[in-house]
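The values are calculated or read from the model by the stated rules, or taken from the named source; none is laboratory data. Model, not experiment: these values are computed from the prediction. Here the Cβ positions follow ideal geometry from the backbone for every residue, glycine too, while neighbour counts run over all protein chains shown. Ligands, DNA and RNA are stripped out before the accessible areas are found, and what is left, the full protein with its side chains, is counted by its heavy atoms. Shrake-Rupley method; radii C 1.70, N 1.55, O 1.52, S 1.80 Å.
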Amino acid sequence: MIIAKSAKDLDKMREVGELIAGVREALRSMVEPGISTMELNNAADKMMRDAGAIPTFIGYHGFPYAICASVNDEIVHGFSKTTPLKEGDILSIDMAATYNGFIGDTATTIPVGEITDELKQLIRVTEECLHFGIEAARVGNRIGDIGWAVQQHAEKFGYGIVRDYTGHGIGRQMHEAPQIPNYGRPGTKEKIRAGYCFAIEPMLNMGTHETRTLSDKWTVVTVDGLPSAHAEHTIAVTEDGPEILTLTREQKQQLRSGASAGA
Ligand code: MG
C-alpha cells in the first residue's frame, strides 16, 4: 500500500529533507583529491547527529556506514575507505537521515578535481534524468510515467539504465511502496496521488546496465568496469506539482527566484 502523507507529515518530510540536503552540500564542498570516503562518512555522521538526526543507513540490513560512497565503476552501496580519492575520479554519495520519525534520502555524483568531458556528460545527464523523472511525478500520472521520463532521456545518450535497483516510496520507512524503476511504459503501474512521497534515483552506466555485487556483499559495480553515476531526491507530490524536499533553504530560494524570473 502506498502511504499518502498528511499536511503535518509533509512538514516533517520538509524538515528532514532540508537537513539531509545540507549534509549533501557540505560533503560536496569537501570533495577534492586526497580526501578519503571515510573522512566524508565521518563528517556526514557527525553533521547528522549534531542536527539531532540519525544516519538511517547505519544498521540498515547491517550496512555499516552513514553514507554509501561509490567510486567510478561502483554504482551504489559502496563502503567508505581510508584510501584517498584521486584527481579524475567520480564519487557517488547516497545518504539518508531520520528526524522526528521521518526520513529524507538523497544522492549525488561529484567530480574529484578535473574529470573528463565524458564523465561530465554522464553526471549531467543523470541529473537531467532525475529532473525529468521528478517532473513526471504528478497527480493523475502513473509510476510508469516516471520511469519512461528517465529512460527516454538516458537512452538518447546510449547509457545503460540500472534495472536491479530502483527508487521507492519514502516516509517513516526508508523503503515504502511503490518501487519506482528508472525505465517503464507511460500510463502503466500505480496511479500517483497527492501526499505521496518518493525517492527518485536514476543510476546511469556509461556501458551495460548489468551489475554485480562484490564479496563484501554490499558494493554494487558495473559488470564491464565502466563508470556509473547516481542522482536522487526525495520529493512530495502535491496538487500543484512535485515538490523537491531534499534542497537546502538557499537552493529553494534560488529555485523560487528562478521560477519568478522566468514567469
Ligand atoms: Mg533511495
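Need one word for the stretch 1-137: rounded, prolate or oblate. Basis is the Cα gyration tensor (sqrt eigenvalues a ≥ b ≥ c); a/c below 1.5 gives rounded, then a/b vs b/c decides. Oblate shape, in that a/c is at least 1.5 and b/c is the bigger or equal ratio. Modelled this way, with points 7 Å down the Cα-to-C-beta line, the labels at residue 214 and residue 152 are 3.8 nm from one another. When +1 charges are put on Lys and Arg Cβ atoms and -1 charges on Asp and Glu Cβ atoms, the dipole computed for the chain relative to its Cα centre reaches about 760 debye.
Screening the chain for DSSP H helices whose Cα atoms reach 24 Å or more along their own axis and whose mean Kyte hydropathy is at least -1.0 gives 7-30, 117-135. Size of the stretch 83-141 from its Cα atoms: along the principal axes, largest to smallest, the extents are 43, 29, 11 Å. For the chain, the carbon plus sulfur part of the accessible surface works out to 51%, probe radius 1.4 Å. The packing ranking of peptides 164-170, 18-24, 118-124, 201-207, highest mean first, is 201-207, 18-24, 164-170, 118-124, where packing means the average number of other beta carbon atoms within 10 angstrom of each residue.
Per-residue packing, averaged as other Cβ atoms within 10 Å, sorts the ranges 61-67, 150-156, 252-258 into the order 150-156, 61-67, 252-258, beginning with the highest. On a per residue basis, the chain carries 44 Å² of accessible surface, using protein heavy atoms and a 1.4 Å probe. Which FRET efficiency, nearest 0.05, do residue 116 and residue 35 yield, Cβ-Cβ r, R0 25 Å? Calculated transfer efficiency: 0.80. Note on residue 193 and residue 83: with the Förster distance fixed at 35 Å, the Cβ-Cβ geometry gives a FRET efficiency of about 0.15. Close amide-amide hydrogen proximity is noted between residue 75 and 220, 221, 222, each under 5 Å apart and 5 or more residues distant or on a separate chain (H modeled in the peptide plane; Pro and chain starts excluded).
Look at the Cα gyration tensor of the stretch 7-257: its axes a ≥ b ≥ c give a/c of at least 1.5 with a/b at or below b/c, and that counts as oblate.
The stretch 224-263 gives an Rg/Rh value of 1.17, both radii derived from C-alpha positions and Rh following Kirkwood. Take every Cα pair under 8 Å whose residues are at least 6 apart in sequence, average their separation, divide by the length of the chain, and the relative contact order is 23 percent.
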